[in-house]
Amino acid sequence: DALVKLWDYQTKQCLFTFDGHEENISAVAFHPELPILISAAEDGKVNVWNSITYEKETDINYGLGRSWAIHAAKNSNYVALAYDEATVVIKIG
């Protein structure tokens with residue numbers, strides 16, 4: 001579905017539901033250094049969420065088809081985004 005849910009592993013409770021995509025979620029990643037959560041979906045959008053406040057910081061859509069994968073590099077502000085048509089590397093922060 002088009003929702004990202006944050007779960008507490010120990011209590012098995014849903015802590016928050018992120019609503020910002022129109023099609024199926026294909027990838028989710030926490031940045032290893034920055035307080036952000038990144039979600040990608042088949043609608044081509046990549047959403048960047050604040051992992052402390054759960055507010056959406058921004059959304060990205062390059063028009064490159066479906067977004068499939070995310071990689072956030074440790075010790076870096078660079079994030080790689082994979083789409084149907086291309087791979088994009090962005091700098092966050």
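Side notes on the structure shown:
- If you filter the stretch 2-44 down to residues that are of a type in the set (Ser, Thr, Tyr) and open to solvent by 60 Å² or more (accessible area, probe 1.4 Å), you find that the one that is farthest from VAL88 (Cα to Cα) is THR11.
- Looking only at the stretch 18-65, and only at residues there that are in contact with a strand residue (DSSP E or B) (Cβ under 7 Å, 6 or more places away or on another chain) and of a type in the set (S, T, N, Q), the one that is farthest from LYS5 (Cα to Cα): THR58
- Residues of the stretch 45-93 that turn out to be surrounded by fewer than 15 Cβ atoms within 10 Å (Cβ to Cβ), hydrophobic (A, V, I, L, M, F, W, C) and not in a strand (DSSP E or B), as a count: 3
- Scanning the stretch 1-18 for residues that are of a type outside the set (Lys, Arg) and part of a strand (DSSP E or B) gives LEU3, VAL4, LEU6, TRP7, ASP8, GLN13, CYS14, LEU15, PHE16, THR17, PHE18.
- When residues in the stretch 1-22 are screened for being farther than 21 Å from ASN61 by Cβ and touching a residue at least 40 places away in the same chain (Cβ under 8 Å), 1 of them pass.
The values are calculated or read from the model by the stated rules, or taken from the named source; none is laboratory data. No experiment lies behind these values; they were computed from the predicted model shown. Cβ: placed from backbone, ideal geometry, glycine included. Neighbour counts: every protein chain shown. Keep in mind that these areas ignore ligands, DNA and RNA; they rest on the heavy atoms of the full protein, side chains included. Shrake-Rupley method; radii C 1.70, N 1.55, O 1.52, S 1.80 Å.
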